[in-house]
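> Here's a structure for you.
The values are calculated or read from the model by the stated rules, or taken from the named source; none is laboratory data. Predicted model, so just to flag it, every value in this text is computed and none were measured. Virtual Cβ from ideal backbone geometry, glycine too; neighbours counted across all protein chains shown.
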Amino acid sequence: MKKEILLSGIKATGDMHIDNYFGALKQWVDLQYEYEQVFIFIPDYHSIISIQDRDKLNQLIFDTAVNLLAVGIDPKKVTLYKQSDVPCHTEATWIFNCLTTMPQLMRGHAFKDSEAKSKEVSVGLFDYPVLQAADILLYDATIVPVGEDQAQHIEMARDIARKFNNTYGETFVEPQALIKKEVGTVIGSDGRKMSKSYKNQLALFATEDETTKYIKGIAMDSKSIDEKKNPQDYPLYDIAKLFVTADQDKELRAMFENGGVGYGDIKMYVAELINNYLRPMRTKREELLKNPNKIKKIIAQGGKRASKIAIKKMDEVREKVGLIL
Ligand code: TYM
C-alpha cells in the first residue's frame, strides 16, 4: 500500500454528472484501497459562493454525501467528511490570505471568467483558491486526483505551501495533482467540454429513460447509413468510450467503421450499455436513501476523524506563526 496521502473533494452544487464521475470520482473509488490514508470531502463552504439558499444547500450537501457512497467510496477505508465540520479550513485560509497577493488570485480561472462576463465577484469567489489550498495542505496531502480544470488550483496550493514554508519554516507538503489524461476533459453531447454552463451534461443518477433521451439527442451528421465513418468524429463515441469494455468498444467501432448501421441503432446500443454500467450505482443510491440518518452519521464520524488531524496541524501553524503564548 502506498504511503502517500490522497485527498480530493467535490462541491455540492447540484446533480453529479458523468464528467465528475470519470474526471474524478471513479479515480477515487479505484485508488481508495491503494493508499494508506485517503480523504474525500464535500467543500460546502465553497458551495456557499453560488448557493445562498439554506434548504437547497442543505439538501445538496446531503445528496452529495449519498452520491459519494453510491459510486463506491468506502467510509471504512476513506475519511469522508464535509469541510464545514472542520473549521480549521477557514482558520488556515485567513493565515494563507495574509501570504497571498491580489495579482496571484487575479490569475484564477473562476475569477477571470466572472470578470469577463462582468459578473459581480464576491470576496469568497476571489479567495476560492486559498480555501482550496487550506483543504489540501492541512492534511499533508501529497496526491490530489482531479480533472484538468483544477490543475491551476493545485498549483496555487503548491505556491502557498512554499510561501508559508519560506516564511515560517518547513511545515507544509507541496501536493501533486493527479490528472488522468484520457478523462482530463470529458466531452458533452455537443462536442464541447461537459459542463454546467453549456447545459450538455448527463446526470449520473438520471433515470434510464432520461439517459436514453440524452443519448438520442446527440447531434450526428447527414452521412448515409452505408458510408464508413470515423468514430472519433462523433461526441457520441467520446461519451460511449468512457463506459465500454474492450469487446464493446470493438463492436461499437465496427458499427461506425463498417457502415450499414443507422445512427438510431448505434444510439440505442450506447444508451443500453450506459444504463447497464450505471444501474448498480443507481440501485445502491436508492438503497442508501432509505436510511438518511446512517448517511449523516457517516459524515459526522468522518468530520471527527478529519478534525483530529487538522487541529494538530493548526496547532503547529499557530505556533510557527507566533500566536501561541
Ligand atoms: P468540482 O466540484 O467542480 O468538480 C469535482 C471534480 O470533477 C472534475 N471535473 C471534470 N473532470 C473531467 N472533465 C470534466 N468535464 C469535469 N468537470 C469536473 C473536477 O476537475 C474535480 O476534480 N475546486 C474543486 C473542489 C475542491 C477541491 C478541493 C478539489 C475544493 N477543495 C481540494 C480537490 C482538493 C471543484 O470545484 O471541483
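> Give GLU148, GLU155 a once-over and let me know the one that is closer than 15 Å to GLN176 by Cβ, of a type in the set (D, E, K, R) and modelled with pLDDT under 95. It would help to see each step written out before you state the result.
Working: GLU155 fails: modelled with pLDDT under 95.
Being closer than 15 Å to GLN176 by Cβ, of a type in the set (D, E, K, R) and modelled with pLDDT under 95 holds for just one of GLU148, GLU155, which is GLU148.
> Applying the selection to the range 287-317, what residues are more than 22 Å from PHE41 (Cβ to Cβ) and among the basic types (Lys, Arg)?
Our first condition is that a residue be more than 22 Å from PHE41 (Cβ to Cβ); within the range 287-317, this holds for 287, 290.
LYS290, the sole residue that qualifies.
> Another question about this same structure. Select from the range 1-55 the residues that are farther than 20 Å from ILE187 by Cα and small (Gly, Ala, Ser) and list them in ascending order.
Matches in the range 1-55: SER8, GLY9, ALA12, SER47, SER50.
> Just the residues that are part of a helix (DSSP H, G or I) and either within 13 Å of the ligand (Cβ to nearest atom) or aliphatic (A, V, I, L, M) (or both), please, taken from the range 191-211.
Matches in the range 191-211: LYS196, SER197, TYR198.
Residue by residue, here is whether (1) of a type in the set (Ser, Thr, Tyr); (2) within 9 Å of the ligand (Cβ to nearest atom); (3) at positive phi; (4) modelled with pLDDT under 95 holds:
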position: ASN20; (1), (2), (3), (4): no, yes, no, yes
position: LEU25; (1), (2), (3), (4): no, yes, no, yes
position: VAL29; (1), (2), (3), (4): no, no, no, no
position: ILE40; (1), (2), (3), (4): no, no, no, no
position: SER50; (1), (2), (3), (4): yes, no, no, yes
position: ARG54; (1), (2), (3), (4): no, no, no, no
position: ASN58; (1), (2), (3), (4): no, no, no, no
position: ASP63; (1), (2), (3), (4): no, no, no, no
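> A further question follows. Select from the range 279-299 the residues that are polar (S, T, N, Q) and farther than 14 Å from ASN67 by Cβ and list them in ascending order. Even if it seems obvious, please write down each step before you answer.
Kept after step one, since they are polar (S, T, N, Q), are these residues of the range 279-299: 283, 291, 293.
Result: ASN291, ASN293.
> May I pose another question? In the range 186-216, which residues are more than 19 Å from TYR21 (Cβ to Cβ) and loosely packed, with under 12 Cβ neighbours inside 10 Å?
ASP209
> If you don't mind, another one. Scan the range 51-66 and give yes if some residue there is basic (Lys, Arg) and within 30 Å of LYS163 (Cβ to Cβ), otherwise no. Let's see the steps before the verdict.
Pass one, the range 51-66, residues basic (Lys, Arg): 54, 56.
This time we only want the ones that are within 30 Å of LYS163 (Cβ to Cβ), so: none.
Scanning the range 51-66 turns up no residue that is basic (Lys, Arg) and within 30 Å of LYS163 (Cβ to Cβ).
> Something else: Starting from the range 136-156, keep only residues that are without any contact (Cβ under 8 Å) to a residue 60 or more places away in the chain, then list their pairs with residues that are in a helix (DSSP H, G or I) and near the ligand (Cβ under 7 Å from one of its atoms) whose Cβ atoms are within a distance under 7 Å, requiring at least 6 positions of separation or different chains.
Pairs found: HIS153/GLN132.
> Is it the case that the range 175-193 has a residue that's under 24 Å from LYS313 (Cα atoms) and aliphatic (A, V, I, L, M)? Can you show your working first?
If we filter the range 175-193 for residues that are under 24 Å from LYS313 (Cα atoms), which is where we start, we get 175-178.
Still in the running and aliphatic (A, V, I, L, M): 177-178.
Yes, the range 175-193 contains at least one residue that is under 24 Å from LYS313 (Cα atoms) and aliphatic (A, V, I, L, M).
> What are the pairs, 6+ residues apart or on separate chains, where a residue within the range 188-204 that is touching a residue at least 24 places away in the same chain (Cβ under 8 Å) and closer than 22 Å to LEU68 by Cα has its Cβ under 6 Å from a residue that is more than 10 Å from the ligand (Cβ to nearest atom) and part of a loop (DSSP other than H, G, I, E, B)?
ALA203/ASP15
> Looking for whichever is closer than 21 Å to ILE40 by Cβ and of a type in the set (A, V, I, L, M, F, W, C) here; the options are ALA133, ALA206. Which one fits? First the steps, then the outcome.
Values: ALA206 fails: closer than 21 Å to ILE40 by Cβ.
None of the others qualify; the one that does is ALA133.
> Further question: Tell me which strands (runs of 3 or more DSSP E) are completely within the range 1-93 and hold 1 or more residues being aromatic (Phe, Trp, Tyr) and closer than 26 Å to ASN291 by Cα, or say none if there are none.
Values: elements: 2-9, 35-42, 79-82.
Because the criterion is at least 1 residues that are aromatic (Phe, Trp, Tyr) and closer than 26 Å to ASN291 by Cα, the strands (runs of 3 or more DSSP E) in the range 1-93 that meet it are 35-42, 79-82.
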